[in-house]
Amino acid sequence: QVQLVESGGGLVQAGGSLTLSCTASGSISSIGAMDWYRQAPGKQRELVASITRGGSTIYSDSVKGHVTTSRDNAKNTAYLQMNDLKPEDTAVYYCNAQINEYSYWGQGTQVTVSS
């Protein structure tokens, strides 16, 4: 059974930084793209960043410049480093990964930015 688990969320003041992690475990033969989404209260889930197995990345316009995604294929883990956080970055952050050609979601981790 495959599991995807996010960690690293929390409460931070505006201007602060957080690094989220997303780790896949279980019977894994391949992991393709690993994506980060977020969902703020009352809003739709939106794609924040995506990274391919080879390390190519894309970012949404809303986070470009203060978010960086990376991954360690040996650890089956992706990271989302967020700097200069703003109250509007408050959301539940989810990881999605293509594992063994199926799409898996993590349970989400809460990020709250206070002004």
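Which one of Thr52, Thr77, Thr68, Thr112 is in contact with a Ser or Thr (Cβ under 9 Å, 6 or more places away or on another chain), in contact (Cβ under 8 Å) with a residue 12 or more places away in the chain and closer than 26 Å to Gln1 by Cβ?
Only one candidate passes the filter, namely Thr77.
Out of Ser50, Ser62, Ser7, which single residue is open to solvent by 50 Å² or more (accessible area, probe 1.4 Å), within 11 Å of the chain's Cα centre (by Cα) and not aromatic (Phe, Trp, Tyr)? Spell out the reasoning first.
On the way: Ser50 fails: open to solvent by 50 Å² or more (accessible area, probe 1.4 Å); Ser62 fails: within 11 Å of the chain's Cα centre (by Cα).
Testing whether each residue is open to solvent by 50 Å² or more (accessible area, probe 1.4 Å), within 11 Å of the chain's Cα centre (by Cα) and not aromatic (Phe, Trp, Tyr) leaves just Ser7.
Conditions: (1) under 15 Å from the mean Cα position of the chain (by Cα); (2) part of a strand (DSSP E or B); (3) not hydroxyl-bearing (Ser, Thr, Tyr). Gln107 meets all but one. Number of the miss?
Going through (1) under 15 Å from the mean Cα position of the chain (by Cα); (2) part of a strand (DSSP E or B); (3) not hydroxyl-bearing (Ser, Thr, Tyr) one by one, Gln107 breaks only (2).
Among the residues in region 25-42, are any of a type in the set (D, E, K, R) and open to solvent by 50 Å² or more (accessible area, probe 1.4 Å)?
Checked against the condition, which is being of a type in the set (D, E, K, R) and open to solvent by 50 Å² or more (accessible area, probe 1.4 Å), region 25-42 yields no hits at all.
If you take the residues in region 65-89 that are open to solvent by less than 60 Å² (accessible area, probe 1.4 Å) and touching a Lys or Arg at 6+ places or on another chain (Cβ under 9 Å), which one is farthest from Leu20 (Cα to Cα)?
That would be Asn73.
The values are calculated or read from the model by the stated rules, or taken from the named source; none is laboratory data. As the structure is a computational prediction, the values presented were derived from the model and not from experiment. Virtual Cβ from ideal backbone geometry, glycine too; neighbours counted across all protein chains shown. Calculation scope for accessible area: heavy atoms of the full protein, side chains included, ligands and nucleic acids excluded. Shrake-Rupley method; radii C 1.70, N 1.55, O 1.52, S 1.80 Å.
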